[in-house]
Amino acid sequence: MWKKKPYCTKCNKDTLSINFDLFCPYCGSIQNIDPIEGPSKNEIKITNMWSFNSFLPSLKKVYSLSEGNTPVLHVNNLSSLKGLKLKLEFRNPTGSFRDRASSLIASYLYSSSILKLVCSSSGSLSISLSAYSALAGLELTNIVPSNLELSKIEQMKVYGSKVVEHGSTVEEAIERGRKLQERGVFFASSDNILTVEGQKTIGLEIAHSFETIENIIIPKGSGSLFYSIYRGFKDALASGWIEQIPSFFAVSLKHEDLDFYVESLKIPTPLTLSQKINEILLESKGKEIEIEGEKMIDQALLLAKKEGLFIEPASASVVVAAKQLLEKEGINIDSTIALLSGSGLNALNIFASKLRGIRKAVWGLSEKSTTKFEILDLISQKKANHGYAIWKALGKRKSLQSIYQHLNELEEKNLVSSKVRGKNKKYYSITRKGIDAYSKMRELIDFL
Ligand SMILES: [Zn+2]
């Protein structure tokens, strides 16, 4: 099946008979696949990622939703970045580059008569694999952390896969998946050899379309996407499509921003993969670029407003990095490509919080309930206590009339009470019932 078999560079054992983990089950080292020499460039016409099947394991049956062959656009209106190439990986079937991994995993498992699998991820891999498992008739169980957004869990369920909650962080969910892997279950995660091999088609695609790309900018995340693209370029190099690999730039968040709510940059990179990434940065004369979380969201909004591209904040990090590289290192923007890995639709909570100026918006809560909660918040924190002040404090987003309406409704429910002072001006304070309701809601939102 394999064109070149993965092997452990340290202990050189055959590991595939045990599992498909990117890390050797005996010694924990990263597994290697030697570069594959494929056909010449003009023998390949790209329709989807399977146009590169000579670089992928040979399979009995392929399950595809036409993933890959994602468009490359140039920045148009953001004048400082004009000409920067953007690879739109969020245009894949379920909205992220993970579809390349899922298509290979589902096809490989079906072809090997393995019909059950488990997956742990921060969301996009699980969603993607749910779609492909549905297509291939595989039984997928997703292990997810208990605080994962409902919108992501619902997507998995829509495709008919099982969802089991475990732990409160992605790491804990992954740990659980690894335990099941020890018992012989097929475990899909970002650190799986098939995941890497599927995702490497991004590198192959870029190398096939552009002869001279000097720089490539990729969100670092758990490191698996970064490593995958490098693998693709190595195959392209071995096949004579390019003369050298581009400089690789990995984008990560500044340490103080690590608890910021952007999960795909928050996952820690396993140590062995970290070492591999450092080797790649050194070999390709690239480097790691740290950016601030807040800048990333602003940039994502700017891309939506100026370029019509709605991408998740982690994806926008590469554009922030491109700007830094242009200003500080004077890179050639025309031969730089940045990877937009995921859709903004998968991160609506983050945008909702930013646009409303509140710490954390709960997606699915109606506009009406959100406003009532914000009003209770203002009154209980003694930040505003009459209609006009509340209206101003909410940024005059709604009509003054609607604020009075909300206050009346809150008073009818005995959540606030009012006293008339001066010229018929009503001053509000929160009631005991109001405090109860507010703190329960607060607790719920913090818990979420
Ligand atoms: Zn080993």
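The values are calculated or read from the model by the stated rules, or taken from the named source; none is laboratory data. What you are looking at is a predicted structure, and each value in this text was computed from that prediction instead of being measured. Cβ atoms come from the backbone with ideal geometry, glycine included; neighbour counts cover every protein chain shown. Each accessible area value is taken on the protein alone, full model and side chains, heavy atoms only, with ligands, DNA and RNA left out. Shrake-Rupley method; radii C 1.70, N 1.55, O 1.52, S 1.80 Å.
Values as computed for the structure displayed
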{"read-out": "Residue selected from the stretch 172-205 under the condition within 20 Å of the chain's Cα centre (by Cα) and surrounded by fewer than 17 Cβ atoms within 10 Å (Cβ to Cβ), by the criterion nearest to ILE350 (Cα to Cα)", "value": "GLU172"}
{"read-out": "Residues that are within 30 Å of the chain's Cα centre (by Cα) and near the ligand (Cβ under 10 Å from one of its atoms), drawn from the stretch 10-25", "value": "THR15, PHE23, CYS24, PRO25"}
{"read-out": "Filtered residue count, the stretch 415-429, keeping only those that are in contact (Cβ under 8 Å) with a residue 24 or more places away in the chain and open to solvent by less than 80 Å² (accessible area, probe 1.4 Å)", "value": "6"}
{"read-out": "Hits in the stretch 74-93 (condition: open to solvent by 70 Å² or more (accessible area, probe 1.4 Å) and in contact with a Leu (Cβ under 8 Å, 6 or more places away or on another chain))", "value": "HIS74"}
{"read-out": "Residues being among the small types (Gly, Ala, Ser) and near the ligand (Cβ under 10 Å from one of its atoms) - total across the stretch 26-53", "value": "2"}
{"read-out": "Yes/no for ILE174 being out of contact with any helix residue (DSSP H, G or I) (no Cβ under 7 Å at 6 or more places or on another chain), in a loop (DSSP other than H, G, I, E, B) and either modelled with pLDDT of 90 or more or of a type outside the set (Phe, Trp, Tyr) (or both)", "value": "no"}
{"read-out": "Answer from SER96, SER151 - the residue that is open to solvent by 10 Å² or more (accessible area, probe 1.4 Å) and hydroxyl-bearing (Ser, Thr, Tyr)", "value": "SER151"}
{"read-out": "Positions within the stretch 321-339 being in contact with a helix residue (DSSP H, G or I) (Cβ under 8 Å, 6 or more places away or on another chain) and open to solvent by 10 Å² or more (accessible area, probe 1.4 Å), in sequence order", "value": "LYS323, LEU326, ILE331, ILE333"}
{"read-out": "Among (1) open to solvent by 10 Å² or more (accessible area, probe 1.4 Å); (2) without any contact (Cβ under 8 Å) to a residue 60 or more places away in the chain; (3) not hydroxyl-bearing (Ser, Thr, Tyr), the one test that ILE277 misses", "value": "(1)"}
{"read-out": "Residue count, the stretch 329-342 (criterion: in a strand (DSSP E or B) and out of contact with any Ser or Thr (no Cβ under 7 Å at 6 or more places or on another chain))", "value": "4"}
{"read-out": "Residue match in the stretch 60-71 (condition: over 25 Å from VAL118 (Cα atoms), open to solvent by 30 Å² or more (accessible area, probe 1.4 Å) and away from the ligand (no atom under 16 Å from the Cβ))", "value": "yes"}
{"read-out": "Enumeration of residues in the stretch 141-151 that are without any contact (Cβ under 8 Å) to a residue 40 or more places away in the chain and not in a loop (DSSP other than H, G, I, E, B)", "value": "THR141, ASN142, ILE143, VAL144"}
{"read-out": "Residue that is nearest to SER190 (Cα to Cα), among those in the stretch 119-145 that are in contact with a Gly (Cβ under 7 Å, 6 or more places away or on another chain) and surrounded by fewer than 22 Cβ atoms within 10 Å (Cβ to Cβ)", "value": "PRO145"}
